[in-house]
1. What single numbered condition from (1) surrounded by fewer than 21 Cβ atoms within 10 Å (Cβ to Cβ); (2) under 21 Å from the mean Cα position of the chain (by Cα) fails to hold for residue 334?
2. Name every residue in the stretch 176-225 that is within 12 Å of the ligand (Cβ to nearest atom), outside any helix (DSSP H, G or I) and surrounded by fewer than 17 Cβ atoms within 10 Å (Cβ to Cβ), in order of residue number.
3. On the basis of being modelled with pLDDT of 95 or more, surrounded by 12 or more Cβ atoms within 10 Å (Cβ to Cβ) and among the charged types (D, E, K, R), does residue 409 make the cut?
4. Mind checking which pairs have a first residue in the stretch 371-388 that is over 14 Å from residue 348 (Cβ atoms) and a second that is outside any strand (DSSP E or B), Cβ under 6 Å, 6 or more apart or different chains?
5. Identify, from the list 76, 92, the residue that is basic (Lys, Arg) and more than 24 Å from the chain's Cα centre (by Cα).
6. Report, ordered by the first and then the second residue, all pairs with beta carbons closer than 8 Å, sequence separation of six or more or different chains, a first member in the stretch 270-282 that is basic (Lys, Arg), and a second member that is in a helix (DSSP H, G or I) and more than 11 Å from the ligand (Cβ to nearest atom).
7. Name the residue that is farthest from the ligand (Cβ to nearest atom), counting only residues in the stretch 1-30 that are within 20 Å of the chain's Cα centre (by Cα), assigned to a loop (DSSP other than H, G, I, E, B) and aliphatic (A, V, I, L, M).
8. Just checking, which of 119, 62, 87, 33 is crowded, with 20+ Cβ neighbours inside 10 Å and part of a helix (DSSP H, G or I)?
Amino acid sequence: MPNRLKVSTVSVIGLGYIGLPTAAMFASRKVKVIGVDINQHAVDTINQGQIHIVEPELDVIVHAAVTEGFLRASTKPEPAEAFLIAVPTPFKGDHVPDLSYVRAAAESIAPVLKKGDMVILESTSPVGTTEQMLQWLVAARPDLRFPEEGALASDIDINVAYCPERVLPGQVIRELVQNDRIIGGLSPACSKRAADIYRVFVEGELLFTNARTAEMAKLTENAFRDVNIAFANELSLISDNLDINVWELIKLANHHPRVNILQPGCGVGGHCIAVDPWFIVDKTPEQARLIRTAREVNDYKPQWVLEKVRAAVDALVATGRDEASITVALLGLSFKPNIDDLRESPALQIAKLFAAETRTSLLLVEPNIDTLPTAMASQTLVSVEDAISQADVIGLLVNHREFSGIKAKLKQHTRVIDAVGIDNA
Ligand code: SAJ
C-alpha cells in the first residue's frame, strides 16, 4: 500500500448524484477510483474531467481527480479492492420496489471479484436487499466464500455491507465528509472492513449495526420527514376549511418548547422522500398505516393546489370574464426551493396539468432555469416581475429566495394561491 490508507483501489458502480461525488471524494484522497456506468455519455464526460450532473463544487473535484489520474470512468467493471454500488432503486407500478439495477450491478462485478474484496451497497433499498444481493453474488461466483451464519471471518473471501448515503442535494460534498455514516455489515468483520474504507474521507461518526437495520434506518429517516411534512400539509387543508392562516398557526405552535412542525408546500417531490416510504409499506402493509397515509396526504397536495387555481379562475369567469382573456402565473417549478432540479417536482406536475386543461394565458416563472423542459416547451417562461404585473391569478408554488422581493406586491394582489407561505421566502 503506497500510503496509510487501508484501500488503494475503489470501484463505484453508478455515477449519478451519489456515485460520482463518492467516487470523487475517494479520488481526492489519492485512492485510485474506477467509476462504472452504463451511460456512455456520462463515462465520456467524466473522462474529459467534466460532470454530467449539477452539484456545487463537484466539477472542480472531478476535474482535479481525472487530471491527476486518480479517477477514470468505464462502462465495464474492472478489478478493485472495494466495489460501492450506487445505482437507482425506483419502484415499478403500484409502488413495488424495482431491484433490477442492483441485480445488474451485482452480476456485472461478480466476474472480477477476487479473494479479499469488499462489496458495499449504498442505494436506498428495501429491508433484505443486501441479503438478496448476496444470493445473486453467491450464484454468480460459487468458487468464492461469502459471509454466512456461523462462518469464521478468516474463512470469508468477500466482505459485504450496506452503508446508506444521507446527503442533501446541493450540499453533497460537505455532507459526504461531515455526516455520520451507518455501517451495516453482514458480519462484524464486514463492518470493520467497510469502516476502514469510509474512513478515507468520512470525518463524521461511523455507526455500526447489521445490514437490515442499516437498510431500515435510511428508510426511516426519509419516512420520518415525509410523515412530518404530511402533518403540515394536512394542517394546511384543515386550516383552509376553518379560515385560519396555517403559517401563523404553525409559527405559534412552534413556540412550544417541544413542538417543531415542518412547512406545508405544494406536495413532496424529489427522488427520495416521495419514494422511500413505499419500500416500508411494500414490506409491511399491515403495520405501516401511518406511513402509507402520509404518502397519500402528500401525493394529494398538488391536486388540492390545482383545484384552488381552477377555483380562482372560475370565480373570475363567474364575473363575466372570458376564460381566454384571463392570465394565470405559476411561480416556481423545481421540486424544492433554490435548486434547478425539476425531476419529480409537484410544482411542475401542477403546471403540466393546468397547462393541459386551461384556456387562460399561462405564464411560468422559474428563476433557476433558462429554458423549459421539452414537455413544456410550448409554454411561456417569464421573469417574476413580468408575471406579477400581468397576472389575474397567481399560484405561488415554490419558495425561491428570488421571490422574497415581491412579498409586498403578492400581498396586495387579490387572487393569490399561496401554497408555501410567502412570509417564509
Ligand atoms: N418539503 C416540504 N416541507 C418541508 C420540507 C420539505 O414540503 O418543511 C418538501 C420539499 O419542497 C421537497 C420535498 O419535501 O419537495 C423533499 O425535500 P427535502 O429537502 O426534505 O429532502 P431531499 O429529498 O432533498 O433529501 C432527503 C434528505 N433526507 C432527510 O432530510 C431525512 C437527505 O438527507 C437524504 O439524503 C435524501 O433525501 C436522500 O437521498 O434520501
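The values are calculated or read from the model by the stated rules, or taken from the named source; none is laboratory data. Keep in mind the model is a prediction, meaning the values are calculated, not measured. Every residue, glycine as well, gets a Cβ built from its backbone with ideal geometry; the counts of neighbours run over all protein chains shown.
1. Going through the list (1) surrounded by fewer than 21 Cβ atoms within 10 Å (Cβ to Cβ); (2) under 21 Å from the mean Cα position of the chain (by Cα), residue 334 breaks only (1).
2. 180
3. Here the answer is no, as residue 409 does not meet what is asked.
4. Pairs found: 384/406; 388/406; 388/409.
5. Working: 92 fails: more than 24 Å from the chain's Cα centre (by Cα).
From the options 76, 92, the qualifying one is 76.
6. The qualifying pairs do not exist here.
7. We begin by selecting, within the stretch 1-30, every residue within 20 Å of the chain's Cα centre (by Cα); these are 12-25.
From the residues that got through so far, the ones that are assigned to a loop (DSSP other than H, G, I, E, B) too are 14-18.
Within this subset, residues satisfying the condition of being aliphatic (A, V, I, L, M) are 15, 18.
Values: 15: 16, 18: 7 Å.
The extreme case among them is 15.
8. Details: 119 fails: part of a helix (DSSP H, G or I); 87 fails: part of a helix (DSSP H, G or I); 33 fails: part of a helix (DSSP H, G or I).
Exactly one residue qualifies, and that residue is 62.
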